[in-house]
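*Asks:* First, the structure itself, so that you have it in front of you.
The values are calculated or read from the model by the stated rules, or taken from the named source; none is laboratory data. Just so we're clear, the structure is a prediction, and the values are computed from it rather than from any experiment. Using ideal geometry, Cβ is built from the backbone for each residue, glycine included, and neighbour counts are taken over all protein chains shown. Protein only, heavy atoms only, side chains kept; ligands, DNA and RNA dropped before computing areas. Shrake-Rupley method; radii C 1.70, N 1.55, O 1.52, S 1.80 Å.
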Amino acid sequence: MLQNKVAVITGASRGCGKAIAEKLGALGAKLTVVGSSDRIFKTAEELKEKGYEVLAVKADVSIEEDVAELFNQTFDQFGQVDLLVNNAGVGQFKLAEEHSLEDFRRMFEVNVQGVFLCSTAVVPHMKERKEGTIITISSDVGRRTIANGSVYTATKYAVQGFSGSLAQELREFGVRVGTINPGAIDTYFADSEPGLDFKEDWLKVNDIAEAVAYMASAPKHMVVDEIMLHPLSQEYPNV
Ligand code: NJP
């Protein structure tokens, strides 16, 4: 379904990003997988063993030079980008006054600046080709507030604002922009581990990968603007 398409997935070394890369690879996409640690190379090897065409780039999405380099390498290897999945994200959960300025900066750098840098790096290319899809893994807390998540919530509201404006700017060029807004997912997020007992009912990484696949493989005349999904056990998101 995504044969001959090139997908760039940030934060792909583990968690949702790795599952998204596996799913898009299974659908036939060529993959650039991006992570900020050496883990990305091990993940890339696992993806190659499944028979997928993979470029691994160690890059911090919050650093302009790293982002430029990751797209340079992608264009050198694959010649185009059809799909960008802005998935890399970090979160800390505590009272507002317990956050340091450094906590605040880091969440905004990765979650917001990273989405800005990666998206704007690829927009001119997609506009010129008059096609392309940009999907950002945001959060349900990009649509509603929670206690103990003020800064993280603020980053995801920012991401919603950025993506919404971008979607409007790119519609006339045939470029689709959407967000996925999940509730709790069983990953490594916020210094956690997957598979812990209390996360048994949480969303699984494949649930997010399926949502990305649906958005990415929608027919050309259609844009999926937003998908919100939650564990059934989580409170109803009154947004
Ligand atoms: O998190 P995790 P998730 N540059 O920690 C990478 C959102 N979300 O899969 O760099 C590039 O398992 C990191 O790799 P490494 C969330 O906000 C989650 O749950 O090698 N990559 C790893 O591969 C985020 O946007 C929940 O350490 C960077 C990956 O990112 C998305 O879902 C709920 C990086 C993170 O894997 C995926 O998060 C929700 C950087 N600067 C939204 N920093 C949830 N889990 O409950 C980190 O509403 N990475």
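*Asks:* Checking the a/c ratio against 1.5 first, then a/b against b/c, what shape does the Cα gyration tensor give for the stretch 7-79?
*Replies:* Cα axes put the stretch 7-79 in the oblate bin.
*Asks:* Ok, one more. Solvent-accessible area per residue for the stretch 58-141 at a 1.4 Å probe radius, Å²?
*Replies:* With the other protein chains kept in place, the stretch 58-141 gives 45 Å² per residue.
*Asks:* How many Å² of accessible area per residue for the stretch 166-224, probe 1.4 Å?
*Replies:* So the stretch 166-224 comes to 54 Å² accessible per residue, rounded to a whole number.
*Asks:* If you add up the charges near Gly15, with Lys and Arg at +1 and Asp and Glu at -1, over every other residue whose beta carbon is less than 13 angstrom from its beta carbon, what do you get?
*Replies:* It works out to a net charge of 0.
*Asks:* Just to confirm a number: summing +1 for Lys and Arg and -1 for Asp and Glu over residues other than His125 whose beta-carbon lies under 13 angstrom from that of His125, what do you get?
*Replies:* 0
*Asks:* On a 0 to 90° scale, report how tilted helix 114-129 is relative to the longest principal axis of the chain, with both axes built from alpha carbons and the result rounded to the nearest 10.
*Replies:* In the chain, helix 114-129 runs at an angle near 30 degrees to the longest axis.
*Asks:* Amide H to amide H under 5 Å from His230: which residues, 5+ apart in sequence or cross-chain, H placed 1.01 Å off N in plane?
*Replies:* Gly183
*Asks:* Mind checking the full-extension length gain between Glu172 and Lys58? Use 0.36 nm per residue of separation minus the Cα-Cα distance, one decimal, nm.
*Replies:* Value of the extension gain: 37.7 nm.
*Asks:* Taking the Cα centroid of the stretch 116-179 and of the stretch 8-66, what is the distance between the two, rounded to the nearest whole Å?
*Replies:* Spelled out, the Cα-based centre of one part sits 20 Å from the other.
*Asks:* Consider just the alpha-carbon atoms of the stretch 77-156 and return their Rg together with their Dmax, both in angstrom.
*Replies:* For the stretch 77-156, the Cα-based Rg and Dmax read 15.2, 47 Å.
*Asks:* For the chain, what does -39500 (n - 2.57) per DSSP helix run (n ≥ 4), summed and divided by total residues, give at 222 nm, in deg cm²/dmol to the nearest 500?
*Replies:* Result for the chain, helices only: -12500 deg cm²/dmol.
*Asks:* Also, I was wondering about something else. What is the list of residues in the stretch 147-181 whose amide nitrogen lies under 13 Å from a point 7 angstrom out from the Cα of Lys127, following Cα to Cβ?
*Replies:* What the label zone holds, given the 13 Å backbone N cut-off, is 166-175.
*Asks:* Just to check I understand the Karplus step: with θ = phi - 60° and J = 6.51 cos²θ - 1.76 cosθ + 1.60, what whole-Hz values come out for the stretch 191-203, glycine and proline as x?
*Replies:* 6, 9, 10, x, x, 6, 3, 5, 9, 3, 8, 6, 4
*Asks:* Of Lys5/Lys50; Lys127/Lys220; Lys50/Lys204; Lys18/Lys130; Lys30/Lys130; Lys18/Lys127, which pairs sit farther than 24 Å apart, going by alpha carbon to alpha carbon?
*Replies:* Going by Cα-Cα distance, Lys18/Lys130; Lys18/Lys127 fall outside the 24 Å limit.
*Asks:* Same structure again: What's the longest bit of the chain with no exposed GluC sites (Glu not before Pro), using DSSP loop states and at most 12 other Cβ atoms within 10 Å as the test?
*Replies:* That would be 1-199.
*Asks:* A further question follows. Working from Cα positions, state the angle (0 to 90°, nearest 10) between the long axis of helix 39-49 and the longest principal axis of the chain.
*Replies:* Helix 39-49 sits roughly 50 degrees off the main axis of the chain.
*Asks:* Mind checking the angle between helix 15-26 and the chain's longest principal axis? C-alpha axes, 0 to 90 degrees, to the nearest 10.
*Replies:* It is inclined by approximately 30 degrees.
*Asks:* From a point 7 Å beyond the Cα of Ser37 in the direction of its Cβ, which residues of the stretch 190-223 have a backbone N at a distance under 17 Å?
*Replies:* 190-195
*Asks:* While we're here: Enumerate the calculated ³J(HN,Hα) couplings along the stretch 82-87 in order (Karplus 6.51 cos²θ - 1.76 cosθ + 1.60, θ = phi - 60°), each rounded to whole Hz, writing x wherever the residue is Gly or Pro.
*Replies:* Running phi through 6.51 cos²θ - 1.76 cosθ + 1.60 with θ = phi - 60° gives 9, 9, 10, 10, 7, 10 Hz.
*Asks:* Further question: For the chain, place one equal point scatterer on every Cα, skip the solvent, and apply the Debye formula. What is log10 of I(q)/I(0) at q = 0.14 Å⁻¹?
*Replies:* Scattering profile of the chain, log10 relative to I(0): -0.86.
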